[in-house]
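Everything on this sheet refers to the single structure shown next.
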Amino acid sequence: MSESSNFSQSDEPAHDAPAPTPGPPADGSVPAGSMPADHVPDGRVPDGSVSGTGSARRSDGEPGPDGEQEQGGEPGPGTGQLPGQGQDGGGTGRGGEQAPRPMARMFPPGAGPSPDPAGSHHERRIRSFQPRRSRVTKGQRLALERLWPRWGFDVDGLRKLDLGALFDDPDLPVVLEIGFGMGEATARMAAADPATGVLAVDVHTPGQGNLLRLADEQGLTNVRVGNGDAIILLREMLPPDSLAGLRLYFPDPWPKARHHKRRLLQPEFLDLAARPLRPGALVHCATDWENYAEQMLDVLSAHPAYENTQPDGGFAPRPGNRPLTRFEGQGLDKGHKVRDLLFRRR
């Protein structure tokens, strides 16, 4: 698929997305001036800049999937980006509005997640996540500093991933989890199935640090953490037939009708996912938003590359291997109905 084929152009100003910043060179060298003058050593993000977001953020201020409180503004799932028509990657939004200034780099190149790993390499598109500021705790920062060079990688779109080398096991089946919040459920699933590698991708720096900390404390060797846009990962970095599964748990529902185009699970997303998913790979989605659940079912059922595992063609019972998250428990307490969808790659 080309860069812009089947992508819908945004009809909203581009100022809701962070301005792209130059990514690292393909040879891994450190460009001059890559450490900005406003670099903050204690892990805080300076005022006016934005950091990543975890999954399942809500527009009504409810906590995210691991109990993190929404900080207001537009919701954002932290599940990558919707495909969209390429736009000018310059420093101003549509109509001459000034875009947000580039994000401060928290870590030296290669020593931690980049604030915008694919920044200047790929076009700006409709985002299915809304970056937000969030403080990185000391424990999360220490985990990132110590474990990122070994278990983390930036989604920069500049190379193909060798998953066998990434997980130190060429025969290990690998599932991709897009949007993992603070990583608690991800760590539990990885611990329960050590024979499966979990490639967990998000843009929320505190969540990345927390998942690495949990994996280290529990002795998990089957977790790798990606930082950046899941669309670029699927389109540019994963070889064909390299994934044994795809997990998408509680992505942001973008409840307003005019924002439905920002929902991650769209036909174009399934087109991209079909190539790295090997035949028989399981696609597992879950949401507590009824309207989004119906859309997921319709889109997956209509796509020729996927088939429903349920004989009646409907929703699936919650599998026992998907942990009940705090976010899900809070939704159930409020009367929300959680829907699971289990499809296979044909």
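The values are calculated or read from the model by the stated rules, or taken from the named source; none is laboratory data. Since the model is a prediction, treat every value here as computed from it, not as a measurement. Please note: Cβ atoms are built from the backbone with ideal geometry, for glycine as well, and neighbour counts cover all protein chains shown. Heads up: the accessible areas ignore ligands, DNA and RNA and are worked out on the full protein's heavy atoms, side chains in. Shrake-Rupley method; radii C 1.70, N 1.55, O 1.52, S 1.80 Å.
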- Query: By the scheme Lys and Arg +1, Asp and Glu -1, what is the net charge of all other residues having a beta-carbon under 14 Å from that of residue 218?
  - Reply: -2
- Query: Where the eigenvalues come from the Cα gyration tensor of region 255-346, what are the semi-axes √(5λ) of the equivalent ellipsoid, largest first, in whole Å?
  - Reply: 22, 17, 12
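Roughly how many debye, to the nearest 20, is the charge dipole of region 239-305 about its Cα centre, given +1 on each Lys and Arg Cβ, -1 on each Asp and Glu Cβ, and no other charges? Intermediate values should be presented prior to the final figure.
Numbers: 8 positive and 8 negative charges, 48 e Å.
The calculated dipole for region 239-305 is roughly 240 debye.
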- Query: Among rounded, prolate and oblate, which fits region 212-280 when a ≥ b ≥ c are the square roots of the eigenvalues of its C-alpha gyration tensor, a/c under 1.5 means rounded, and a/b larger than b/c means prolate?
  - Reply: oblate
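How many percent of the accessible area of region 274-346 is carbon or sulfur, using a 1.4 Å probe? Could the numbers behind the result be given before it?
Details: 1810 of 3510 Å².
Taking all protein chains in place, region 274-346 shows 51 percent carbon and sulfur surface.
With +1 on each Lys and Arg Cβ and -1 on each Asp and Glu Cβ, and nothing else charged, work out how big the dipole of region 197-315 is about its Cα centre, in Debye to the nearest 20.
Numbers: 11 positive and 15 negative charges, 63 e Å.
So the dipole magnitude of region 197-315 works out to roughly 300 debye.
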- Task: Please label the shape of region 148-246 as rounded, prolate or oblate, based on the square roots a ≥ b ≥ c of the eigenvalues of the alpha-carbon gyration tensor (a/c under 1.5 means rounded; beyond that, a/b larger than b/c means prolate, else oblate).
- Result: oblate
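Counting Lys +1, Arg +1, Asp -1, Glu -1, what net charge surrounds residue 279 among other residues with beta carbon under 13 Å of its beta carbon? Numbers along the way, then the final one.
Numbers: positive: 275, 278, 344, 345, 346; negative: 241, 307.
After counting each charged neighbour, the total is +3.
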- Dipole of region 192-241, Cα-centred, from +1 at each Lys and Arg C-beta and -1 at each Asp and Glu C-beta, to the nearest 20 debye? 60 debye
- Task: Using Cα centres only, tell me the gap between region 265-318 and region 153-204 in whole Å.
- Result: 20 Å
- Task: Pick out, from 317, 303, 289, the residue whose Cα sits farthest towards the positive end of the charge dipole of region 220-339, with +1 on the Cβ of Lys and Arg and -1 on the Cβ of Asp and Glu.
- Result: 289
